[in-house]
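A quick write-up on the structure given underneath.
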Amino acid sequence: MAIESDVLVIGGGLAGTMAALSAAREGANVRLTSYKQSTLRMATGLVDVLGYVDGEGPVAHPFDAMDRLHAEHPYSVLGESTVRDALSLFDDSVPGYRGGHTDANALVPTHGGTVKPTARYPASVAPGVASAGGDLLLVGFQTVTDFDAPLAASHLEAVGVPFDVDGVTLPFPGDLRDDAKVTRYAQALDEDEEVTGGGRQLGTRKDLAERVKAKLDGHERVGFPALLGEEDHDDVRADLARYLDVPVFEVPMGPPSLPGMRLEDRLFAALDDSGASIDSGNPVVDYEADGDGRVDSVILDRNGNRAPYHADQFVLATGGLVGKGIESDRTGVREPIFDCHVPHPADRYDWFEDGVFDDHEFVRFGVDVGSDLRPRDGEGAVEFDNLRAAGSVVGGYDLAAEKSGAGVSIATGYEAGRRAAEDL
């Protein structure tokens, strides 16, 4: 049976969910389809808009710095007002985030001991931003090797943060296995599992607080690796703060990321509230066109069967090279579903430079779009009238060097969804 909708969004990451939310807000009947779990689970949960330009930064005010970007950059193509409108939709749709009160970036401590410029951040991170002030104690756990609290503290001191930072490594309460996943620590705190030892019996939260309190020594706030609960993380942090009598925050970690999982949950909850339909677990493998420059349907592989999904408008938000929304081999670079044009040098040796941190061409690979976000061919002509692209499948920017990936995904997703609904 063919599935029909007004707007079909391909991809369940930040760009895809924002496109679906944007189109649904305009009254469209929206369906989002995704194959695998989104890369949000691998992300920090921070929303970076623009942290560095031409290797310089951190940028204090991202909107003030956008006029320094080249003309092909997605922010330049869309314009500042669109980026602002997109962030407003994010703020309205995703509860529990901070930063919308100001145009300035916040400097957020990370597990590596750097401070990251970011425009939006979870409430669980807020007490740790540099501007909050107060001497800082970082707490790591012996079995969580991804976060070395003393090393992170020394790195923060080295970059010149305006407060004292110390780090301590403690055993986590209870008898968790050395190879326990981060979600297992979160579960122990969520359920406040009982811990027995030393002739006493305490919940995990109280036991952890007592271990930390013995090391507090006048520090005015405490940062833990981002594992302070999955379902009840607000309560976990509130209990720890009450026991310690100082603000408690989480330090964003590498993958798998609980803040990233929480962000994904909030986005999909917003999609449910918007009335959008969600289809997951089946890859889009092909498309059908009507011969008049329009996509008629995309084909999903459902257990070996070709299932057509029809729509009036389509949004491509499948990711970049990492997410497999852009593919490359010895013969070239391509977008695999619609075979949209991806500008790239013909000679593979021009895709990269010699130095690891040099300005590599491949980091900007993606489909070429105009301000309407319709992919264009090698001659600059629109490839399909009713197809738009959003997120890291769009080329023209270096998300890692600029710290702009989430912002571009939100802005292009918002605009692609809005324009798709507008053209119904």
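Checking each residue in the stretch 78-95 for being exposed (fewer than 14 other Cβ atoms within 10 Å of the Cβ) and either in contact with a Gly (Cβ under 7 Å, 6 or more places away or on another chain) or in contact (Cβ under 8 Å) with a residue 40 or more places away in the chain (or both) picks out only Pro95. All of (1) at pLDDT 95 or above; (2) touching a strand residue (DSSP E or B) at 6+ places or on another chain (Cβ under 7 Å); (3) not aromatic (Phe, Trp, Tyr) hold for Asp92 with one exception: (2).
Of the helices (runs of 4 or more DSSP H) lying entirely inside the stretch 58-99, the ones with 2 or more residues being farther than 16 Å from Gly391 by Cα and under 17 Å from the mean Cα position of the chain (by Cα) are found at 80-93. Residues that are open to solvent by less than 40 Å² (accessible area, probe 1.4 Å) and part of a strand (DSSP E or B) within the stretch 316-332 comprise Leu316, Gly332, listed in sequence order.
Being in contact (Cβ under 8 Å) with a residue 60 or more places away in the chain and buried (at least 16 other Cβ atoms within 10 Å of the Cβ) is the requirement here; does Leu107 meet it? When the stated conditions are applied, Leu107 does not pass them. Would you mind stating whether Tyr75 is in contact (Cβ under 8 Å) with a residue 40 or more places away in the chain, hydroxyl-bearing (Ser, Thr, Tyr), within 15 Å of Asp398 (Cα to Cα) and open to solvent by less than 20 Å² (accessible area, probe 1.4 Å)? Judged against the criteria, Tyr75 is a match.
State all residues of the stretch 175-185 that are open to solvent by 20 Å² or more (accessible area, probe 1.4 Å) and either in a strand (DSSP E or B) or touching a residue at least 40 places away in the same chain (Cβ under 8 Å) (or both); if no residue qualifies, say none. Listed by number, the residues that qualify are Lys181, Val182, Thr183. In summary, strands (runs of 3 or more DSSP E) completely within the stretch 186-292 and bearing 2 or more residues that are open to solvent by 30 Å² or more (accessible area, probe 1.4 Å) occur at 194-197, 200-203, 277-280, 284-289.
Could we say that Met261 is modelled with pLDDT under 95, of a type outside the set (Lys, Arg), within 30 Å of Thr118 (Cα to Cα) and in contact with a Lys or Arg (Cβ under 6 Å, 6 or more places away or on another chain) here?
Yes: the conditions hold for Met261.
For the stretch 154-164, the criterion of being in contact with a strand residue (DSSP E or B) (Cβ under 6 Å, 6 or more places away or on another chain), aliphatic (A, V, I, L, M) and under 22 Å from Gly128 (Cα atoms) is met by at least one residue. Is it true that Glu157 is open to solvent by 90 Å² or more (accessible area, probe 1.4 Å) and acidic (Asp, Glu)? No; evaluated as a whole, the condition is false for this residue. Here Ala269 meets the list (1) touching a residue at least 60 places away in the same chain (Cβ under 8 Å); (2) of a type in the set (Gly, Ala, Ser); (3) farther than 18 Å from Pro127 by Cα almost entirely, failing just condition (1). The residues of the stretch 155-174 that are over 27 Å from the mean Cα position of the chain (by Cα), at negative phi and not in a strand (DSSP E or B), listed by number, are Glu157, Ala158, Pro162, Phe163, Asp164, Pro171, Phe172, Pro173. If you go through the stretch 293-315 and keep only what is of a type in the set (Lys, Arg) and either assigned to a strand (DSSP E or B) or farther than 16 Å from Leu424 by Cα (or both), you end up with Arg302, Arg306. If you go through the stretch 381-407 and keep only what is over 22 Å from Ser88 (Cβ atoms) and open to solvent by 40 Å² or more (accessible area, probe 1.4 Å), you end up with Ala381, Val382, Glu383, Asp385, Ala400, Ala401. Look at (1) of a type in the set (A, V, I, L, M, F, W, C); (2) touching a strand residue (DSSP E or B) at 6+ places or on another chain (Cβ under 9 Å); (3) at pLDDT below 90 and you find that Ala180 fails only one, number (2).
Has the stretch 294-303 got any residue that is over 30 Å from Val139 (Cα atoms), open to solvent by 60 Å² or more (accessible area, probe 1.4 Å) and modelled with pLDDT under 95? Yes, the stretch 294-303 contains a residue that is over 30 Å from Val139 (Cα atoms), open to solvent by 60 Å² or more (accessible area, probe 1.4 Å) and modelled with pLDDT under 95. Do the conditions hold for Arg120, that is, is it of a type in the set (Lys, Arg) and open to solvent by less than 30 Å² (accessible area, probe 1.4 Å)? Yes.
Considering the stretch 23-47 alone, what residues qualify as being open to solvent by less than 20 Å² (accessible area, probe 1.4 Å), at pLDDT 95 or above and closer than 19 Å to Val285 by Cβ? Residues satisfying the conditions are Leu32, Thr33.
The values are calculated or read from the model by the stated rules, or taken from the named source; none is laboratory data. Note that this is a predicted model, so its numbers are computed, not measured. Every residue, glycine as well, gets a Cβ built from its backbone with ideal geometry; the counts of neighbours run over all protein chains shown. Accessible surface areas use protein heavy atoms only, side chains included; no ligands, DNA or RNA. Shrake-Rupley method; radii C 1.70, N 1.55, O 1.52, S 1.80 Å.
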